[in-house]
Amino acid sequence: MKAVTINAYGAPDVLEVTDRPMPVPTPQEVIVKVQAVGVNYADLLVRQGIYPFIPQFPAILPGEVSGIITETGSDVQHLRAGQRVTGYAPAGYAAYAAISATALTVLPDHVAPAEGLLTHALTAQHLLEQTSGYSSVVITAAAGGVGAKAVQLAKIKGVPHIIALTGSAAKQTYVRSLGATHVINYRDADWLQQLTTVTGTQGADLILDATGGDTPAQLVTALAVNGTLIIYGNSSGQPTAVNPQELIMKSARVAGSTVYNIPPELRQQWNRYLLELIADGRLQSQVNNYAFTDVARAHSDMENRRNIGRTVLTFPD
Ligand SMILES: NC(=O)c1ccc[n+]([C@@H]2O[C@H](COP(=O)([O-])OP(=O)(O)OC[C@H]3O[C@@H](n4cnc5c(N)ncnc54)[C@H](OP(=O)(O)O)[C@@H]3O)[C@@H](O)[C@H]2O)c1
């Protein structure tokens, strides 16, 4: 079968399309014929060798997939061949992937493979559930995979003030169409001033940041009293230190978050909820499709902040 493999860490050109043996399921696994791979930012970090999970070379890149079950392990009772599923596969960038049966979510018939990739929506849902009763949320990288889902879910939750930070005018237009009430381009020199003008003396109750670098420390300026800043990624580098005095004076907190810590039952419950929203059109994805053979370009475009929405690799039927 065809697979995307790496034999060294580095730039997108380390990604190669190679022939690999078909996976064989353990008793607890199923084999999925992959239709779509969701390119998540973490995949770029794995490729660069700076993610906590480091594969052994030569490695098929791990990834989120959706597709059709072709085979089930001998202990698997609740799934059968022919079902459409989504989940994370340790060797996901491939035409066929072995996945633990308990890690899979069944997709409804009317949800397309690319729409059924749930990691971004699940991450956003998890972030927005970590505090309650808030009336304002600030979302950085708001036109990206997680960010666009966070804007839409905040709207669905009825958050009155959804302040979206993005890196281009086209991204601003997109996040406004999703329900952002205020949009700011954080490549503007005065973006922080624009933000504090929007959040006013009250400040923002919840701020979600995955860009890292200096941004989280700057965002504390816009936090409300008792506000929460959640750091869940670092696409622009390791976050610099936040000034504790600023937190003390606001009784504010800084938290971290990862989708990996969602308990399995809650994960399934939220996945079902998110699939309902997707099926009735309330939660949408703008999809950037790439043939799997074009994987290096997909990684490069995401890394260079060119893409709006969800980046997906497609495999032929
Ligand atoms: N903790 C978790 O559980 C979890 C789960 C999923 C993703 N994440 C994190 O969430 C972030 C978004 O992931 P995603 O898969 O949805 O990706 P994405 O948002 O589709 O792409 C990354 C976006 O980050 C922004 N960005 C800012 N600085 C960047 C830089 N130096 N290089 C590249 N992009 C930069 C860009 O948007 P602008 O041009 O608008 O700035 C870019 O579009 C990543 O940091 C990822 O690691 C965390």
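The relative contact order of the chain comes to 17 percent, based on Cα pairs under 8 Å that sit 6 or more residues apart. Across the options VAL198, SER235, LEU122, the greatest Cα extent toward the positive end of the charge dipole of the stretch 120-260 (unit charges at beta carbon of Lys, Arg, Asp, Glu) belongs to LEU122.
Among residues other than SER66 with Cβ under 11 Å from its Cβ, the summed charge is 0 (Lys and Arg +1, Asp and Glu -1). Relative to the dominant Cα principal axis of the chain, helix 119-128 is inclined by about 30°.
Helix 264-279 and the longest principal axis of the C-alpha atoms of the chain enclose an angle of approximately 80°. Helix 145-156 and the longest principal axis of the Cα set of the chain meet at an angle near 60°. Over all orientations, the stretch 236-317 has a Cα convex hull whose mean projected area works out to 9.4 square nanometres. Around ALA3, with a cut-off of 12 angstrom between Cβ atoms, what is the net charge of the other residues, counting Lys and Arg +1 and Asp and Glu -1? Counting the neighbours of ALA3, the net charge comes to 0. Note that the stretch 120-260 shows a convex hull volume over its alpha carbon atoms of 96 Å³ per residue. Across ASN271, ASN226, ASN243, mean-square fluctuation computed from a Gaussian network of the chain (C-alpha pairs under 10 Å connected) peaks at ASN243.
Computed as a quarter of the hull surface, the mean projected area of the alpha carbon convex hull for the stretch 149-213 stands at 4.6 nm². Taken per residue, the accessible surface of the chain reaches 43 Å², heavy atoms only and a 1.4 Å probe.
Applying 1/(1 + (r/R0)^6) with R0 = 22 Å to the Cβ-Cβ distance of ASP19 and PHE57 gives a FRET efficiency near 0.85. Estimated translational diffusion coefficient (Stokes-Einstein, Kirkwood radius over Cα pairs, 37 °C, 0.692 mPa s) of the chain: 163 µm² per second. Put the Cα centre of the stretch 247-316 next to the Cα centre of the stretch 21-70 and the gap is 16 Å.
Comparing MET22, MET249, MET302 in a Gaussian network model of the chain (Cα springs below 10 Å), the most mobile by mean-square fluctuation is MET249. Taking the Cα centre of the stretch 163-229 as reference, the dipole from Cβ charges on Lys and Arg (+1) and Asp and Glu (-1) amounts to some 220 debye.
Rounded to the nearest 500 deg cm²/dmol, what is the calculated helix-only ellipticity per residue at 222 nm for the chain, with -39500 (n - 2.57) per DSSP H run of length n ≥ 4? List each step's numbers first, then the result.
Values: 9 runs with 86 residues, N = 317.
It comes out at -8000 deg cm²/dmol, rounded to the nearest 500.
Here the stretch 34-96 was treated as a single set of alpha-carbon atoms; its pair distances binned every 5 Å from 0 give 4, 17, 24, 21, 14, 11, 7, 1 percent. Pick from SER300, SER168, SER236: which residue has the top mean-square fluctuation in a GNM of the chain where Cα pairs under 10 Å get a spring? With Cα springs under 10 Å in the chain, the top fluctuation among SER300, SER168, SER236 is at SER236.
Close amide-amide hydrogen proximity is noted between THR140 and LEU165, LEU208, ALA210, each under 5 Å apart and 5 or more residues distant or on a separate chain (H modeled in the peptide plane; Pro and chain starts excluded).
The values are calculated or read from the model by the stated rules, or taken from the named source; none is laboratory data. Note that the structure is a prediction, hence the values are computed from the model and not measured. In this analysis, Cβ positions are derived from the backbone assuming ideal geometry, glycine residues included, and neighbour counts consider all displayed protein chains. All accessible areas refer to the heavy atoms of the entire protein, side chains included, with ligands and DNA or RNA removed. Shrake-Rupley method; radii C 1.70, N 1.55, O 1.52, S 1.80 Å.
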